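Here it is, the structure in full.
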Amino acid sequence: MVENRPFLTFLTHAVLIIGVIFLCFPVWMALVASTHGPEALSRSPIPLWFGDRAWENYSQLLAGGLPEAGGVPIGRMMFNSAIMALVITFGKIAISLISAYAIVYFRFPFRMGFFWMIFITLMLPVEVRILPTFDVVTKLGMLNSYVGLTIPLIASATATFLFRQFFLTIPDELVEAARIDRAGPLRFFWDILLPMSRTNIAALFIILFIFGWNQYLWPLLVTTDESLYTVVMGIQRMVNAGEALPVWHYIMGTAVLALIPPVLVVVAMQKLFVKGLVESEK
Amino acid sequence: MATLSIKSLGKTYPGNVTAVQDVDVEIADGEFIVLVGPSGCGKSTILRMIAGLEAITTGDLHIDGERVNDREPGDRNIAMVFQNYALYPHMSVRKNMEYGLKNEGLPKPEIAKRIEEASRTLRLEEYLDRKPRQLSGGQRQRVAMGRAIVRDPKVFLFDEPLSNLDAKLRTQLRAELKALHHRLGATFIYVTHDQVEAMSLADRIIIMNAGRVEQIGTPMDLYLRPATRFVADFIGSPAMNFIEGTVGEDRRSLAINGTQVLNMGQELPARAGAQVAMGMRPEHLGDAGGADIQVSLQVSFVEQLGADTVVHGNLSGGAQPLAVRLHGVHASEPGSEIALGCGMGHVHLFDTATGARLN
Ligand SMILES: Nc1ncnc2c1ncn2[C@@H]1O[C@H](COP(=O)(O)OP(=O)(O)O)[C@@H](O)[C@H]1O
Ligand SMILES: [Mg+2]
């Protein structure tokens, strides 16, 4: 239903603007808080406008190793988060592309059985299977390593399912034309399926990168070595830094810094994503 | 260029669906063969077995004397053009045509030469760098043909390549296809459900019904001497008129519904009392004067086509539908009657039960 009445236009805009304000307020607060000193934030009317300590706060944060903030340099934590998010993202995309390819294009025994097995895992989020997974990772000696941090999160039923649905929409004739053109299974995958999936890959990249970047529970469990801490864990540790008062200006500053990479990914990928949408067939 | 030999070819799909059975045909080098029949009769299945896209259940397929039943599509030296073009959407026109050649490992200059030639033949030169979605339907289908031509195959296979195009473009591309066949001199096997397309393109037509071959012959064979009632009905537009009845004692009359009797000019090639269907093409009905068979048409509606007029109605005094195609412009009022006649030479007689031709 698309109507064009001034009142409705006004109403929809009002609702949207209220929604945007509602969503953006916490981000705004984090930005504002990161520019004040510690005292300003513990007094009752919390400031709603920028303070004068932005430069000081951020340079101290980036210089790193603040004892009040857990002592781990923020650069290190950002690096760990980036590694974790990127490995999870690339890993998930690669594995799910390959498994969807197998399920859609190859006839092997128990094909549908495998599909349903993958599908059922959709119903078990990380939190539910965390204990057995932790047990396995411990026994494999993968605690306190990037491998342990990333591998268990790579298998992805959601992405496999999405790629399967996309592959099913590709006409059989295209596959047959490729067979006549002497494209073997690997060539077909690389030359035809992969380029045709690029908009889907871009969209998934955004979602999965943010998923990976925001992982909290799992890194908390498998890392005890400070050099492997991620930035999300870092923020949490700063909040719970023992008896001392939480250093809100640093915490909010770290949160703002932690926001930057996902925002960059969205901005960068969105272009590709939209371009892909416009370029896609018909 | 190649000969094809198809021997008792059959296909049963999983779930015991028999799509094709007992197809036998020898195709000569450079022949333009059209497979025609109603939707679902197994035309595509045959073509896809020739291409190697579908496994052959029974029978043998030889290309140039070599048995190719178990060869991969890429190794059969065939090229195929699909109804929905099946172009690679992310590749430019040039890349689409190149792809198979690259996979074959042809040297670059040779690839470039072939693409230049093909795009000249098909007038695609200015579109080489476009993506398929930037082309019209007709252009896309020409690209698909280009992709087939550059491979320089022994056999070209087409599965209803013109069905997605509008009528005018279809006629135009049909002419181009005919010219292309002439120029390449390769063996063409072409699937369509459109009998006009079949008649205008084919050297020989294979007409199919429910997975079996009804008749193989030149377009004029099929038109002049259809082997079965099915073929008689399928070929020709408007379709042939059929009058069903029982052959009289003297074998010179046909009793329709037991009430009306049609008198024949000659003895019928059927025994007395046999149930037959007498077929007469609308264009072969004409002036009643002195004709072997005389019928009267009660007009229900008239199609004015300009060059011709098709008058539809019933056999007077009965419910048997009847149509006649008259030259030029004729005005006939619905409800009026027209006296028509047909020479025995234009009468086709079929057994009602088996559909086999009797004369
Ligand atoms: N993959 C398949 N599995 C089962 N039955 C099929 C399959 N493909 C085609 N058929 C059946 O085989 C018959 C012939 O199909 P097809 O060759 O596509 O007909 P046509 O091209 O003449 O319209 C149809 O009855 C169709 O339902
Ligand atoms: Mg078909």
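List the residues whose amide H sits under 5 Å from the amide H of B:VAL81, counting only those 5 or more places along or on another chain, with H placed 1.01 Å from N in the peptide plane.
Those lying under 5 Å, H to H, from B:VAL81 are B:LEU157, B:PHE158, B:ASP159.
Bins of 10 Å, beginning at zero and ending with the bin holding the largest distance: percent of Cα pairs per bin for the range A:72-278, please.
Final binned percentages: 8, 28, 30, 21, 9, 3, 1, 0.
Where is the GNM fluctuation largest for chain A (alpha-carbon springs, 10 angstrom cutoff): A:ILE103, A:ILE120, A:ILE210?
Comparing A:ILE103, A:ILE120, A:ILE210 in the GNM, the peak value goes to A:ILE120.
How large is the convex hull of the Cα atoms of the range A:22-181 per residue, expressed in Å³ as a whole number?
Details: hull volume 37.1 nm³, N = 160.
Looking at the range A:22-181, the number lands at 232 Å³ per residue.
Taking chain A as the reference, fit the longest principal axis to its C-alpha atoms, fit the long axis of helix A:130-139 to the helix C-alpha atoms, and give the angle between the two in degrees, 0 to 90, nearest 10.
Around 80 degrees separate the two axes.
If you don't mind, there's one more thing I want to ask. Please work out the C-alpha center-to-center distance from the range A:202-226 to the range B:104-119 and express it in whole Å.
After rounding, the separation between the Cα centres reads 49 Å.
Positive end of the charge dipole of chain B (Lys, Arg +1 and Asp, Glu -1 on Cβ, about the Cα centre): tell me which of B:GLY59, B:GLY273, B:ASN84 has its Cα farthest that way.
Toward the positive end, the furthest listed residue is B:ASN84.
Connecting C-alpha atoms closer than 10 Å in a GNM of chain A, tell me which of A:PHE119, A:PHE205, A:PHE108 has the biggest fluctuation.
In this elastic network of chain A, the residue with the biggest mean-square fluctuation among A:PHE119, A:PHE205, A:PHE108 is A:PHE108.
Mind listing the long-range amide H neighbours of B:GLU244? Cut-off is under 5 Å, sequence gap 5 or more, other chains count too, H placed in the peptide plane at 1.01 Å from N.
Those qualifying (amide H under 5 Å, at least 5 residues apart or on another chain) are B:MET278.
In addition: So, with +1 on the Cβ of K and R and -1 on the Cβ of D and E, and no other charges, what is the size of the charge dipole of the protein assembly as shown about its Cα centre, to the nearest 20 debye? Could the numbers behind the result be given before it?
Numbers: 56 positive and 60 negative charges, 297 e Å.
Dipole magnitude for the protein assembly as shown comes out near 1420 debye.
For chain A, what is the mean residue ellipticity at 222 nm derived from helices alone (per DSSP H run of n ≥ 4: -39500 (n - 2.57); sum divided by total residues; nearest 500 deg cm²/dmol)?
Details: 13 runs with 186 residues, N = 282.
Here the helix-only value at 222 nm equals -21500 deg cm²/dmol.
Hey, another quick one. Given all pairs of different Cα atoms, what value in angstroms does the Kirkwood hydrodynamic radius of the range B:237-351 take? Please list the in-between numbers first.
Working: mean 1/r = 0.0700 Å⁻¹.
Its Kirkwood hydrodynamic radius stands at 14.3 Å.
Give me the percent relative contact order of chain B, please, defined on Cα pairs under 8 angstrom at least 6 residues apart.
Values: 768 pairs, mean separation 54.3, N = 359.
The normalised contact order for chain B reaches 15 percent.
Which whole-Hz ³J(HN,Hα) couplings does the range B:314-323 yield from phi under the Karplus relation 6.51 cos²θ - 1.76 cosθ + 1.60, θ = phi - 60°, glycine and proline marked x?
10, 5, 3, x, x, 9, 5, x, 8, 9
Okay, moving on. Taking all protein chains in place and a 1.4 Å probe, what share, in percent, of the accessible surface of the range B:300-359 do carbon and sulfur account for?
Numbers: 1720 of 2950 Å².
After summing per-atom areas, the C and S share lands at 58 percent.
Let me confirm one metric for peptide A:180-188, namely the mean number of other chain beta-carbon atoms within 10 Å of its residues' beta-carbons. Don't jump to the answer; show the numbers that get you there.
Working: counts 18, 15, 12, 6, 3, 0, 0, 3, 0.
Partner Cβ neighbours, averaged per residue: 6.
Now for a different question. Fully extended, how many nm does the chain gain between A:LEU194 and A:GLU226 (0.36 nm per residue separation, minus their Cα-Cα distance)? Display every interim value, and only then the final one.
Numbers: separation 32, 0.36 × 32 = 11.52 nm, distance 3.87 nm.
Length gained, A:LEU194 through A:GLU226: 7.6 nm.
Would you report the distance distribution of C-alpha pairs in chain B as whole percents per 20 angstrom bin, up to the bin with the largest distance?
Taking all Cα pairs of chain B, the binned fractions are 26, 46, 24, 4 percent.
Determine how many Å³ per residue the convex hull of the Cα atoms of the range B:1-125 encloses. Mind showing how you got there, number by number?
Working: hull volume 18.5 nm³, N = 125.
Looking at the range B:1-125, the number lands at 148 Å³ per residue.
Still on this structure, I have one more. I'd like the antiparallel share, as a percent to the nearest 5, of DSSP beta bridges with both residues in the protein assembly as shown. Write down the numbers at each step before the final one.
Details: 60 of 78 bridges.
Bridges in the protein assembly as shown are about 75 percent antiparallel.
To one decimal place, what orientation-averaged projected area in nm² is obtained for the convex hull of the Cα set of the range B:185-280?
Details: hull surface 31.2 nm².
The Cα convex hull of the range B:185-280, projected and averaged over all directions, gives 7.8 nm².
Something else: About the Cα centre, and with charges only on the beta carbon of Lys, Arg (+1) and Asp, Glu (-1), how big is the dipole of the range A:72-278? Nearest 20 debye, please. Please list the in-between numbers first.
Numbers: 14 positive and 10 negative charges, 76 e Å.
Computed about the Cα centre, the dipole is about 360 debye.
Further question on the same structure: Angle, helix B:137-150 long axis vs. longest principal axis of chain B, Cα atoms, 0 to 90°, nearest 10?
60
Hey, got the average number of other protein chain Cβ atoms within 10 angstrom for residues in B:81-89? All intermediate terms of the calculation are to be shown ahead of the outcome.
Details: counts 1, 7, 1, 4, 4, 9, 4, 9, 9.
Per residue, the number of nearby Cβ atoms from other chains is 5 on average.
Counting partner chain Cβ atoms within 10 Å of every residue's Cβ in B:90-103, what's the average? Don't skip to the answer; put the middle values down first.
Details: counts 10, 4, 0, 0, 0, 1, 2, 0, 1, 8, 6, 2, 5, 7.
Other-chain Cβ atoms within 10 Å of each residue's Cβ, averaged: 3.
Related question: Just from its helices, what would the mean residue ellipticity at 222 nm be for chain B, if runs of 4 or more DSSP H residues each count -39500 (n - 2.57) and the sum is divided by every residue, rounded to the nearest 500 deg cm²/dmol? Don't skip to the end; give the middle numbers.
Details: 8 runs with 86 residues, N = 359.
The helix-only estimate for chain B comes to -7000 deg cm²/dmol at 222 nm.
Provide Rg over Rh for the protein assembly as shown; use the alpha carbon set for both Rg and the Kirkwood Rh (inverse mean inverse pair distance).
On the way: Rg = 37.3 Å, Rh = 31.5 Å.
Rounded to two decimals, Rg/Rh equals 1.18.
Follow-up question, since we're still on this one. Once you have the Cα-Cα distance between B:GLU337 and B:SER39, take 0.36 nm times their residue separation minus that, and quote the gain in nm to one decimal. Present the calculation step by step, with values, prior to reporting the outcome.
On the way: separation 298, 0.36 × 298 = 107.28 nm, distance 3.67 nm.
Here the answer is 103.6 nm.
With contacts defined as alpha carbon pairs under 8 Å and 6 or more residues apart, what's the relative contact order of the range A:72-278 in percent? Write down the numbers at each step before the final one.
Numbers: 181 pairs, mean separation 74.3, N = 207.
After rounding, I find 36 percent.
Send over a whole-number figure in Å² for the accessible area per residue of the protein assembly as shown, probe 1.4 Å. Walk me through the numbers before you get to the answer.
Details: 31490 Å² over 641 residues.
Accessible surface, normalised per residue, equals 49 Å².
Only bridges whose two residues both fall in the range B:4-227 count here: according to DSSP, what percent of them are antiparallel, nearest 5?
Working: 19 of 37 bridges.
Bridges in the range B:4-227 are about 50 percent antiparallel.
Now for a different question. Exceeding 32 Å between C-alpha atoms, which entries from my cross-link table qualify? They are A:LYS271/B:LYS168; B:LYS102/B:LYS168; B:LYS108/B:LYS131.
On the way: A:LYS271/B:LYS168 41 Å; B:LYS102/B:LYS168 35 Å; B:LYS108/B:LYS131 21 Å.
Too far apart for the 32 Å limit: A:LYS271/B:LYS168; B:LYS102/B:LYS168.
I want to verify a result. In a Gaussian network model of chain A, Cα cutoff 10 Å, which of these has the top mean-square fluctuation: A:PRO219, A:PRO246, A:PRO125?
In this elastic network of chain A, the residue with the biggest mean-square fluctuation among A:PRO219, A:PRO246, A:PRO125 is A:PRO125.
What is the helix-to-structure angle for A:54-63, meaning the angle in degrees between its Cα long axis and the longest Cα principal axis of chain A, kept from 0 to 90 and rounded to the nearest 10?
That works out to roughly 60 degrees.
The values are calculated or read from the model by the stated rules, or taken from the named source; none is laboratory data. Note that the coordinates shown come from a computational prediction; the quantities given were computed from them, not determined experimentally. In this analysis, Cβ positions are derived from the backbone assuming ideal geometry, glycine residues included, and neighbour counts consider all displayed protein chains. Only protein heavy atoms, including side chains, enter the accessible area calculation; ligands, DNA and RNA are left aside. Shrake-Rupley method; radii C 1.70, N 1.55, O 1.52, S 1.80 Å.
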